[in-house]
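Data block below; observations after.
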Amino acid sequence: MFSLFWFRLEEAVKLYLLGFKVLVVQLFSKRFKLPAMPRQDGKVVIVTGGGKGIGYEVVRHMAKLGAHVIIGCRDERQGVEAIRKIQEEYNEAKVEFRKLDLASLQSIHQFVHNFKERDLPLNILVNNGVMLVPEGCTENGFELHFGVNYLGHFLLTWLLLDTLKLSGKSGNFSRVVNVSSSAHRNGQIRPNDLNSRQCYSAHGAYCHSKLAQLLFSSRLHQELEQGGFPVSSCAVDPGMVDTSLYRHLWTPLRLAHRIVSLLLFKTPTEGAATVLFAALSPALEGECGGGYWANGGRDVTTPLTFDPLIQQQLWETSHRFLEPQ
């Protein structure tokens, strides 16, 4: 019990120290401002977790540009409220809510089935996630961070990949944008303990899930390039953003966060800027796509992200997890 306490404390301290470093860099860096993006009329976009925070700002901007945006999230009331606010601002906005619980493989399958029945194209998929949620499991028994941030989005993307391929074309690729985090730098991939059963820390599990997300994003882009498909896959670090994701911080830090975030964090609109750039910018078309983006530019990740053995192990294990039982 004592060793578990110290393990969890160490993982928390490592993440908070990383967060402090990121905050200092962010404080002294010029914040990226999204340039004017082209109209998106006729394009269909799915944004998971699009009812609030960064996801909401992505939906709002996409709708303003004329895209047909589908908010996929678990909370219907939140999704409907987001639509109401967007349509009050842009009365011609094409925005809709569809129930999607990324902690349920059945819900993901149902969401994709309902989407494909409508015979719509899919031009952009934006995958959001959760942060520092209390210890728990998904409906299918996976640790929550791993199950939602990584495995749920892995399955969603995989099931929608054929539609993304059919919707893209030369000079106008479909795009998959995974909203990641600098926390991946503290992450590890333990092939025999992806669910963090041996020694659990919410802080560690969050970091591991973000690293897994990056590995998938990188491997997927490689597969698409090698197959010659008109789809790109990238990951984005939005920075330290003032959203509800921080509501699960330790109580003393949560109180301090309320003050610090108002003064130093990015707004959700600023946090969404690089996500929108990765999803919409003509500069990232075709061979220029992919990679890891932060504050409007390409950024470096840990060497683990490009380790072919770890990528392959995670890829195969994920498919095995998702096979019908």
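The values are calculated or read from the model by the stated rules, or taken from the named source; none is laboratory data. Every value quoted in this text rests on a predicted model; they were computed, and no experiment measured them. Because the Cβ atoms are built from the backbone with ideal geometry, glycine has one as well, and the counts that use them run over all protein chains shown. Heads up: the accessible areas ignore ligands, DNA and RNA and are worked out on the full protein's heavy atoms, side chains in. Shrake-Rupley method; radii C 1.70, N 1.55, O 1.52, S 1.80 Å.
Two decimals is fine: what is log10 I(q)/I(0) at q = 0.11, 0.21 Å⁻¹ for region 111-238, from a Debye sum with one equal scatterer on every Cα and no solvent? So the normalised log intensities are -0.40, -1.16. Counting only Cα atoms, the size of the chain along its three principal axes is 57, 47, 37 Å, in decreasing order.
Estimated from helices alone, the mean residue ellipticity of the chain at 222 nm is -15000 deg cm²/dmol (sum of -39500 (n - 2.57) over DSSP H runs with n ≥ 4, per residue). Between Leu23 and Val80, the C-beta separation translates, for a Förster distance of 56 Å, into a calculated FRET efficiency of about 0.95. Once all protein chains are placed together, Phe229 keeps about 80 Å² accessible to a 1.4 angstrom probe. Of the GluC sites (Glu not before Pro) found in region 21-115, those that fall in a DSSP loop while having at most 14 other beta-carbon atoms within 10 Å are Glu92.
Database remark: amide H of Asp299 closer than 5 angstrom to the amide H of Tyr292, Trp293, Ala294 (H placed geometrically; neighbours at sequence offset of 5 or more, or on other chains; Pro and chain starts carry no H).
Couplings for region 64-80, taken from phi via the Karplus curve 6.51 cos²θ - 1.76 cosθ + 1.60 with θ = phi - 60°, read 4, 8, x, 6, 8, 10, 10, 8, x, 8, 7, 8, 5, 4, 5, x, 5 Hz in order; Gly and Pro are left as x.
Ligands, DNA and RNA excluded, the heavy atoms of Ser170 present near 110 Å² of accessible surface to a 1.4 Å solvent probe. Secondary structure note: in the chain, about 10% of the DSSP beta bridges are antiparallel. Classified by the C-alpha gyration tensor, region 28-138 has an oblate form. Its axis ratio a/c, with a ≥ b ≥ c, is 1.5 or above, and a/b does not exceed b/c. Shown here for region 1-85: trypsin sites (Lys or Arg not before Pro) in loop regions (DSSP other than H, G, I, E, B) with at most 12 other Cβ atoms within 10 Å, namely Lys30, Lys33, Arg39. Using a Gaussian network model of the chain in which every pair of alpha carbons under 10 angstrom is joined by a spring, one finds that among Gly129, Gly42, Gly55 the greatest mean-square fluctuation is at Gly42. Structure shown: which of Lys43/Lys116; Lys64/Lys266; Lys21/Lys266; Lys14/Lys52 lie over 24 Å apart, alpha-carbon to alpha-carbon? Over 24 Å Cα-Cα: Lys14/Lys52. Among the protein heavy atoms, those of Phe173 account for about 50 Å² of accessible surface (1.4 Å probe, every chain in place). Comparing mean-square fluctuations of Ser201, Ser233, Ser209 from a GNM of the chain with C-alpha springs under 10 Å, the top value falls on Ser201.
The mean sequence distance of close C-alpha pairs (under 8 Å, at least 6 residues apart), as a share of the length of region 84-239, puts its relative contact order at 25 percent. The modelled label-to-label distance between His319 and Tyr200, using points 7 Å beyond Cα along the C-beta direction, is 3.0 nm.
Of all the accessible heavy-atom surface of the chain, with the other protein chains kept in place and a 1.4 Å probe, what percent is carbon and sulfur? With neighbouring chains kept in place, the figure for the chain is 57 percent. Applying both filters, DSSP loop and at most 11 other Cβ atoms within 10 Å, to the trypsin sites (Lys or Arg not before Pro) of region 130-234 gives Arg197. For region 134-247, the antiparallel share of DSSP beta bridges with both residues in that region comes to about 25%. Across Asn149, Asn123, Asn91, mean-square fluctuation computed from a Gaussian network of the chain (C-alpha pairs under 10 Å connected) peaks at Asn91. Here region 44-90 and region 218-238 have alpha carbon centers that stand 24 Å from each other.
Modelled label positions at Met37 and Glu287, each set 7 Å beyond Cα in the direction of Cβ, lie 2.5 nm from each other. Residues in region 150-159 carry Karplus couplings, in order, of 9, 5, x, 6, 4, 5, 4, 5, 4, 6 Hz; the curve used is 6.51 cos²θ - 1.76 cosθ + 1.60 with θ = phi - 60°, and Gly or Pro positions show x.
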